[in-house]
1. Assign one of three labels to region A:86-162, namely rounded, prolate or oblate, based on the Cα gyration tensor with a ≥ b ≥ c the square roots of its eigenvalues; rounded applies when a/c is under 1.5, prolate when it is not and a/b is larger than b/c, and oblate otherwise.
2. Checking the a/c ratio against 1.5 first, then a/b against b/c, what shape does the Cα gyration tensor give for region A:129-193?
3. Which FRET efficiency value, to the nearest 0.05, do you get for residue A:459 and residue A:25 by plugging their Cβ-Cβ distance into 1/(1 + (r/R0)^6) with R0 = 45 Å?
4. With r defined as the distance between the Cβ atoms of residue A:144 and residue A:385 and R0 fixed at 51 Å, what FRET efficiency is calculated, to the nearest 0.05?
5. Check each of the GluC sites (Glu not before Pro) in region A:1-49 and keep only those in coil by DSSP with at most 14 other C-beta atoms within 10 angstrom; list them in order.
6. Rounded to the nearest 10 degrees, what's the angle between the helix A:167-187 long axis and the longest principal axis of chain A, both from Cα atoms, 0 to 90?
7. In nm, give the distance between the simple-model label positions of residue A:408 and residue A:183, each being 7 Å from the Cα along the Cα-to-Cβ direction.
8. Over the alpha carbons of chain A, what is the largest minus smallest coordinate on each principal axis, giving the biggest first in Å?
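What follows draws every value from the coordinates through simple rules; no lab data is involved. Since we're looking at a predicted model, the values are computed, not measured. Methodologically, a virtual Cβ is constructed for each residue, glycine included, from the backbone with ideal geometry; neighbour enumeration extends over all protein chains shown.
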Amino acid sequence: MSEERLPSRSENFSEWYNQLVLKAELADYAPVRGCMIVRPYGWALWENLQAALDRRFKATGHVNAAFPMLIPKSFLEREKEHVEGFSPQLAVVTIGGGEVLEEPLVVRPTSETIIGHMYAKWIKSYRDLPVLINLWNSVLRWEIRTKLFLRTSEFYWQEGHTAHATEAEAIAETLQMLDIYAEVSETEAAIPVVKGRKSESEKFAGARESYSIESMMGDTRALQSGTSHHLGQNFARAFDIRYLDRDNQQQFCWTTSWGLSTRMIGALIMVHGDDQGLILPPRLAPYQIVVVPISRDEAERGPVAEAVGRVAQQLTGFRVRIDDREGLTPGFKFNDGEMRGVPLRMEVGPKDVAQGTVTLARRDRPGRQGKESVPQEGLERRVADLLDDIQRSLFERALAFQKEHTHEPATYEEFKEVVQGGWALAWWCGEAECEAQVKEETKATTRNIPLDQPGGSGVCVHCGRPARERALWSRAY
RNA sequence: CGGGGUGUAGCGCAGCUGGUAGCGCACCGCGUUUGGGACGCGGGGGUCGGCGGUUCAAGUCCGCCCACCCCGACCA
């Protein structure tokens with residue numbers, strides 16, 4: 001519960017975000033540095049997102065499993081780029097049961113290595129392929145600078161790990177999972193994305209190619225909210241994952257990995273929220289409707305409660321919360337529901353009882369607008385339509401915002417200007433030092449190289465050398 | 001890891017030149033309230049971030065440490 005206002009979203013985005021996460025009771029700071037507590041309301045949101053993803057993973061043939069949190073340190077050292085990428089961020093266990101361990105164990109920063117070890121053991125024949133396993137777990141990366149949901153030392157996610165007989169299959173898998181992430185983000189979270197390939201400097205440590213979905217937050221900065229990696233044969237060679245093909249020849253597998261984390265919750269907050277608080281998309285909201293009963297005296301209480309009960313019966317197909325907390329005024333509950341981002345509020349008071357109506361208020365319309373009086377009869381139909389409309393309008397609003405702040409600068413001068421408050425889609429020569437210079441000069445980095453390129457060729461927006469692809473540039477979280 | 005800032009009740013803060021801790025909100029009880037953040041009365045709650053030092057006496061002065069936040073370099 002809260003009663004103070006949030007900082008202004010437009011004036012102090014960062015502070016607005018921090019306080020909203022706490023006040024909406026999504027998460028809290030843990031007593032351990034860099035870690036977060038995900039509170040029930042935040043976890044309910046994650047569970048809904050999990051369900052949306054898991055359904056799609058299963059539909060595409062994946063199965064879930066559990067792997068240990070502790071990994072022999074030597075495993076991390078097997079793949080050269082992987083070590084370099086993750087060493088600085090590892091937490092290492094050196095003592096167990098009071099004894100110094102023979103070999104230190106690392107708390108998993110990601111599971112490619114232990115997966116590689118086990119896949120090598122399990123895969124013998126082309127008949128064993130593909131292996132399509134997903135893990136729902138948490139991982140630990142020693143982060144210096146943290147922010148709830150966006151970057152914490154421990155975070156919750158899913159990591160998918162697959163092994164295939166051919167490169168083409170592995171690439172198809174990598175792109176299939178990227179598509180699933182994009183589809184979940186857009187249809188469930190109502191967050192538009194740009195799918196693309198990561199630059200060499202931004203790709204996953206050990207990957208051959210990394211792909212990401214990138215979204216524009218309310219302050220125009222970009223957030224990578226899902227990644228899918230084609231690992232080539234890098235991990236297969238490091239862990240000796242081989243199979244015997246139809247011609248009785250030993251072949252290395254082609255592997256992939258892909259992950260999406262609770263960071264997506266941060267995206268939901270930053271894309272849809274406003275000065276009043278969260279605005280949650282109906283498909284993921286823990287509660288889609290909050291019912292606020294209103295009665296001035298004992299005589300009204302009974303009929304109102306009866307109407308609420310009747311209405312609740314009609315809405316069993318929705319996630320409904322009846323806010324019958326005592327001693328709180330309706331006004332307080334309105335604000336509380338808005339802060340928590342409940343998509344639809346239903347007020348049931350004496351006037352509604354007298355008229356056989358309820359009052360609906362949609363969260364995505366400002367203030368007291370978006371309120372409407374509807375008959376209790378056939379209510380569920382109107383509720384369903386409104387929730388659909390809210391889901392759609394949140395996406396459209398976010399997409400319009402993203403488009404409005406995405407530019408195609410022709411010159412570097414223009415580029416420098418636009419990346420201060422938006423995204424730039426601009427030709428890039430593909431050279432790492434060019435990218436590094438741009439970052440130095442503007443703080444913008446390549447987010448990805450969008451997959452749907454209009455084609456053609458041009459000159460690098462920074463150095464003027466020939467360029468074959470356009471990159472999406474932005475300041476990022 | 002560099003620069004800056006903050007640690008006093010759950011949250012936000014006050015506490016002067018040292019004298020034994022307070023305000024608002026939240027919380028508990030009773031009553032009146034309830035269609036946009038109600039009000040009255042009465043309560044409970046503190047190793048003042050930690051350790052050490054100076055002093056008759058430290059929230060206050062000194063030293064060291066720790067944590068968190070903001071801005072930069074690195075990362076989902």
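1. Numbers: a/c = 3.03, a/b = 1.36, b/c = 2.22.
It comes out oblate by the Cα gyration axes.
2. Working: a/c = 2.67, a/b = 1.44, b/c = 1.85.
Oblate.
3. On the way: r = 51 Å, r/R0 = 1.14.
It comes out at approximately 0.30.
4. On the way: r = 48 Å, r/R0 = 0.93.
Efficiency computed from Cβ-Cβ geometry: 0.60.
5. Working: sites: A:3, A:4, A:11, A:15, A:25, A:47; in loops: A:3, A:4, A:11, A:25.
The qualifying sites are A:3, A:4, A:11.
6. Helix A:167-187 sits roughly 20 degrees off the main axis of chain A.
7. Distance between the two pseudo-spin positions: 2.9 nm.
8. 82, 59, 47
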